[in-house]
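Below you'll find the structure, written out as structure tokens, and then a few comments.
Since every read-out is calculated from the coordinates, none of them should be taken as a lab result. The structure displayed is predicted, hence computed values, not measured ones. Here the Cβ is made from the backbone with ideal geometry for all residues, glycine too, and neighbour counts use every protein chain on show.
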Amino acid sequence: MAASVLCRTAVPLLGFSTCKPFLPVVSGNNVVQLIAGYNPKPLRLNLKEPYIPDRDSEKTPVWQKTEKYDRKLFARYGFASGVDPVKLWPTAAQLEELIQEEKQWHPPLEELLKNIAAKEKEKADKRLE
């Protein structure tokens, strides 16, 4: 709709637009719709001088001092980030915690089937009573 408002004066009845960034499209109802042709400029990555935040500075945001951000920096810049890759891996305690959390939220299939069978048995017992 915004495109039709922009080029309303440039579009005669069922004619084509003279505006270059908009492409006319005829729909099933013989209504001319204008679609913007958008081609953004590519992002310029600065790989020569990567931005590595200063951990000691007070101006550095707290989220740039976290381990998660260190992982992101190492993924983006590799060893040039200055991050020790040994610190990026979880410890044994963290792994154990992750495994327990995964077992809690995603139980094995056998356990799910047992729960479903128990619920069906309870429903059947309630029907018989």
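Here are some notes:
- Test: residue in the range 66-85 that is among the β-branched types (Val, Ile, Thr) and assigned to a helix (DSSP H, G or I): no
- The number of residues in the range 39-60 being out of contact with any helix residue (DSSP H, G or I) (no Cβ under 7 Å at 6 or more places or on another chain) and either of a type in the set (Ser, Thr, Tyr) or surrounded by 10 or more Cβ atoms within 10 Å (Cβ to Cβ) (or both) comes to 4.
- Evaluating Glu101 against the criteria (1) farther than 30 Å from Tyr51 by Cα; (2) surrounded by 11 or more Cβ atoms within 10 Å (Cβ to Cβ) leaves one unmet condition, (2).
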